[in-house]
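Structure, as structure tokens:
We did not get these values from a lab; they are worked out from the coordinates using the rules stated. The structure presented is a predicted model; accordingly, all values stated were derived computationally and were not measured. Glycine also receives a Cβ, built like all others from the backbone with ideal geometry; neighbour counts cover every protein chain displayed.
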Amino acid sequence: MKPYLSMFLMSARRTFAYRLSALIGWLGGGAILISSLSVWHALLGEGAIAGYDWPMMKAYLVVAWAAGSIGASQGDWRMADRIREGHVATDLTKPVDYQGSRFAEHAGGLATEIPAILIAASAVIAFTGSIPGPANVFLFLLSFACVVPLKFCFTYLTAMLCFWTHNFMGISWAKDAIIWLFSGGLIPLSMLPVWLSVPASLLPFAGITATPAALYLGQATGAEAARLLGLQVFWVLALWFGARLLWRGALRALTVHGG
Amino acid sequence: MGLVKAQSLTKVFRRPQKGPGLRGSVKHLFQRRFKDVPAVNGIDVSIEAGEAVAYVGPNGAGKSTTIKLLCGILVPTSGSVEVAGVTPHVDRIANARNIGVLFGQRSQLWWDLPVRESLGLLRDMYDLPKGFYQQRIERLDEVLGIGELMPVLARKLSLGQRMRADLAAALLHQPRIVYLDEPTIGLDIAVKDKVRKFLRELRADGTTLMLTTHDLGDIEDVCERIIIIDEGRKIFDGPLAQMKDSFARTRRMHLHITDGTPMDVIAKHLSTADVSGEGSEVTIAFDRFAHTAGQIIAAVLQVAEVGEFHLDEPAIEDVVRKVYAGELLV
Amino acid sequence: MFRTMRIYRRSLGAHFRSLLEYEADFWVLIVAGAMFNALNLLFLSAVFAHVPALNGWSYAEAVLLMGVWSVIGGLSPLFFEGVWRLSWMVNQGTLDYPLVRPAPVTVQVFSSGIGLHGVGDIVTGGAMLGWALFHVDVDWTPLTVVIGLVLLASAATIHLSIIAITNAATFWISGPHPFLAIAVHTFEDMIKYPLTIYGAGIRAVYTFVVPFAFVTFFPVSWLLDRSAGWVGLLGPLVAAYCVWLARTVFRRGLRRYDSSGH
């Protein structure tokens, strides 16, 4: 465990070293939160939409924003660059598991992300009044904790595509757009047309926003809550081990290209 | 009347004085302390049309800064610059038409474009007529062999290829005045020779050349005048030959003695020269204005049998090294 | 002037051709750019399935505003992408070469790159704009068309000037990345919705400090003849001011440039 812990700490320190860029990143995140709160405030002035009134929507937006912000470290670019510039060969000579190491680094972002989320949530309460608390703290935190490995898997899988393509920016954006839509980050899944909302609820992306939000708002309880959590955990495991398989394939591509 | 003229040219950089770490940075926000660092300190230079001048000095002496002031990249803190009747930083674009610049450490080629595209872009910027452009490309291909590099992406060029392409880019518009900052840095011998040969041809064409370099071979091959600066001040300015005469009077002759004559016998016989060595290998250092090499060899032959011998010409390298090391006060 | 335009066109064209070398990347970027706009539109559509208006703006009106923003936002990566490299150039000292060439430094910097995602923005934004123009209630006269186009050009000018100004801040704030410009640019994205949904503080800042409101909200309000729509007619003045400011900032900045790479 020790090497992974030290990689985690190293990465956490790095986010402080690049504090200006981190700060700007958070400012940008703040802009997104402000515009989504404002547009929903205007929309819900008349009353509830699809079962969401203003306080409930506020809670949803804060959870969605928090889920979007956690585990969002810039590690994807580092990973992609190391693959594109062929430094992966060096990484592979180290006596640690590659995927595990990247996860440890990825999680280093939590050191700034958790405080930033707490600050943002406090700011929302300060400016717009209280928001309802979580319906079930334990289930919500469990589900929210799953967001970190889940997002890591998407990032890791996307970065791995650099073995086959030059342009990471494009695929990284495409990944972000897909997650934004299918996770419920864009709009609660129940407000999407059925042909989108049904597949979205089964895909792994729902675990990033829709599931923790449903548990926070108490939209899912009992057996339904267990089903949602189970699906989320299933996807974490499936993607984690799927990534390992793909990695093996990618390494074969690496040797074919000769480095 | 010089073509390139600078009078009491001075450039002072303001560097923030910060303590270490985050604390230092935050403190600096409130207590803004700066230190003035003069990079170029009252330099006077006048270069005639057609001259080839070497501009040398240790790292951080202000060489590149001077070049950048002459190009119009930097605005001088005080003093004046005039290049072909134009003040570079005031009338930047007019000046740009007269000059060609190469910074050896950096490429001006567009990184992600083929060389041909870069040259085409420059052609548009300098407004070169089609016929002239083609003629220049042919000429540059002859001397620098850039033809084969034309379809290659700049980032895929090797260092030597890049320098050739960069020279072509700097000289495409046939500038009257050419500044070259370290034009042979990092090149292997073969490419270096090619570049130097090209620079000699450029000089022969009547181009005014200013060259900064750490490679003294460049200077001896290309230039007839040398300016040495240190800590932003000019410490020597004159013909290369004069510098050698003033500071490189000593020649060295290396001899192989075949008859076992001891060294001190030779030393006694040659009282005005400095004799050193070991066994049969003897080195004689002598003032080349006091004696000719012929006189020395004749004198040695009076007391000893000589097998092989060769002569070291005074190298400006020695002189410049001494200047850098502060051993020589000019 | 023509020469400058030719240099600019030629430089952009060269970078464009170099991007075409990787055909797959070309499409990925364009599609990725289009996707975010499609999602923004999807959001509006999903919301308007439940409500008739957003702060008094109908669906078509809201789409019009968003379309204007997408089109203008797509111009900067396509025609101005190079400005985002300015801080890198200043930090590495590679601005030296543009300074020794007989062409305006700004033109050389602005055209030193091209972001193809702008194509996606402009195509999707143009479609939104085109659709919305047919569905909003406007009394079209030749004069409306002319003024509309002038306001659109002013809006684009304001947007690009602000990007240029914030990037030129790198002459004062050293560092290889244009953090200020990135931050300001992110906040600009808020103008995809009608400005009236935001609080008074944001409205004031977006009108008087960083005039983003003149990029989408005021010109569209003028076209739709909404209250205070006349403010939109100030667009050209604001644009002129922004251009003047950008020029001044660039000139001052270039004098400060110290070519620090060496």
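Things to note:
- Spin-label model distance (nm) - residue C:153 vs residue B:276, 7 Å beyond Cα toward Cβ: 7.9
- Just so you know, the Cα atoms of chain A work out to an Rg and Dmax of 19.1, 63 Å.
- In this rough spin-label picture, where each label sits 7 Å from Cα along the Cβ direction, the residue C:21-residue C:141 distance is 5.5 nm.
- In this label model, residue B:8 and residue B:242 are separated by 2.4 nm, measuring between points 7 Å along each Cα→Cβ vector.
- At an R0 of 56 angstrom, the distance between the Cβ atoms of residue B:295 and residue A:84 translates into a FRET efficiency of 0.25.
- For the pair residue B:17 and residue B:287, the difference between a 0.36 nm per residue extended length and the Cα-Cα distance amounts to 92.2 nm.
- Calculated FRET efficiency, residue B:142 to residue B:34, Cβ-Cβ distance, R0 = 51 Å: about 0.50 to the nearest 0.05.
- Distance violations [Cα-Cα > 21 Å] among B:11/B:63; B:11/B:68; B:244/B:268: B:244/B:268
- Here r is the Cβ-Cβ distance between residue C:173 and residue A:96 and R0 is 25 Å; the resulting FRET efficiency, rounded to 0.05, is 0.05.
- Across chain B, the longest run free of exposed loop sites, meaning GluC sites (Glu not before Pro) lying outside DSSP classes H, G, I, E and B with no more than 16 other Cβ atoms within 10 Å, spans B:49-223.
- Free of any GluC sites (Glu not before Pro) that DSSP assigns to a loop and that have at most 11 other C-beta atoms within 10 Å, the longest stretch within chain A is A:86-259.
- Whole-angstrom gap from the stretch A:184-259 to the stretch A:142-169, using each part's C-alpha centre: 12
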